[in-house]
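Computed from the coordinates by the stated procedures, all read-outs in this text should not be read as laboratory data. It should be emphasised that the depicted structure is a prediction, and the values quoted were computed from it without experimental measurement. In this analysis, Cβ positions are derived from the backbone assuming ideal geometry, glycine residues included, and neighbour counts consider all displayed protein chains.
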Amino acid sequence: MTSHAVAFAPGRANLIGEHTDYNQGLALPFAISEGVTVRARALLERRIDAVAVDLGKHDSFSLDAVVPAEGWRAFVRGAAGELMDAGVELSGAELEISGTVPRGAGLSSSAALEVSMVLALLAVSDASAPDRLDLARLCSRIENDWVGAQTGLLDQISSLFGEPERALRIDFRSLDVRPVALELDGCKLVTLDSGEHHAIAFSGYNERRAECARACAELGVESLREVTLAQVGELPAPLWKRARHVITENERVEAAVAALERGELAELGRLIDASHASLRDCFEVSTPAVEEAVARLKGAGALGARIVGGGFGGHVLGLLPAEAPMPDGALEVRPGDGARVSGR
Ligand code: GLA
């Protein structure tokens, strides 16, 4: 039996393509170097003992009766529960969790936790890992069914498929993942904290997802990927606005891929700004603190700046030219490797 394993899974930034994943749309995220590490040691007893080092908290439960819990514990129990539901013979384990990705900031600390937890438990149980897309789906069930956030697959796919120097063009209808070179000609991608933090399950995220589902039901389609702007005009408010954001955001993702391929960074910046305006005005997920953070990045000379992740607070992302000063508190983010396990 493998007695020790260390799993690391990164958070992600999303260049463009927000609230498109659960609408079978397009996005262009990348894994960042910050993430969550889970150190696991096998136990002979069928028990999980977990310590969240950064929080100074502890959880312990039997693998014979995994009951749901709140907060970070929901992720640990969900990981064990989903793996066993998928037929994995889990061994007991001692787990030590620590992280470098800010929590509740829109940089996907949740997916980093789910993915690192699942990989550590698989490794220490000597079980073979499912393929990466199945792993992403399993991790998203932890979030949907144990944590209560009806999120899509954006974060888990980014964390599992990340590559240095590349963003990932993800098509959530076909689940095709295509790496796209992120050559920024000296520009930097930076994130800035709006100071407002959220637990996604309790923000308006689930409500937005339900509104998109209602828009589909009204139009008699399976997803907003099938809909044109002309059709959206028939919907009542606020559904037409939500659908309008999704359709135009998919177009912006394709335009951003083309701009990157042509090295047109001013155009990329313009698309990032347009994405933010649409998230603010049509999807209505911005807040005054987020607007202030976007204005700070734009004031520092950003070619584009926008909210990232689910919204309602968190970090904003900006594309800063080489000569622009880094605003106080800004953190440069670069595309890094996807999740990995060592020690087995
Ligand atoms: C959160 C969710 C993702 C995605 C984004 C918005 O990060 O976890 O699935 O929906 O919000 O693009």
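Computed from point charges on the beta carbon alone (+1 for Lys and Arg, -1 for Asp and Glu), the dipole magnitude for the stretch 246-344 about its Cα centre is near 340 Debye. Cross-link partners of Lys298 among lysines, defined as those whose alpha carbon lies under 21 angstrom from its own and excluding same-chain residues fewer than eight positions apart: Lys188.
A Cβ-based charge dipole, computed about the Cα centre of the chain with Lys and Arg at +1 and Asp and Glu at -1, lands at about 100 debye. Positive contributions from Lys and Arg (+1) and negative ones from Asp and Glu (-1), summed over other residues with Cβ under 14 Å from the Cβ of Glu261, come out at -1. When each of Thr248, Thr191 is scored by the number of other beta-carbon atoms lying within 10 Å, the sequence from fewest to most is Thr248, Thr191. Compared with the dominant principal axis of the Cα atoms in the chain, helix 132-141 is inclined by about 90°. Would the stretch 50-152 count as rounded, prolate or oblate if I go by the C-alpha gyration tensor, calling it rounded below 1.5 in a/c and otherwise prolate when a/b exceeds b/c, oblate otherwise? Because its axes are fairly even, with a/c under 1.5, the stretch 50-152 counts as rounded.
Counted by neighbouring Cβ atoms within 10 Å, the residues Glu34, Glu96 run from fewest to most as Glu96, Glu34. I'd like the orientation of helix 288-299 relative to the chain: the angle between its Cα long axis and the longest Cα principal axis, in ° from 0 to 90, rounded to 10. Computed tilt is about 70 degrees. Over the chain, the hull volume per residue, using the convex hull of the C-alpha atoms, is 124 Å³.
Could you size up the charge dipole of the stretch 167-321 around its Cα centre, putting +1 on the beta carbon of Lys and Arg and -1 on that of Asp and Glu, and report it in debye to the nearest 20? Once rounded to the nearest 20, the dipole reads 120 debye.
With respect to the chain, whose longest principal axis is taken over its alpha-carbon atoms, helix 205-219 is tilted by about 60°.
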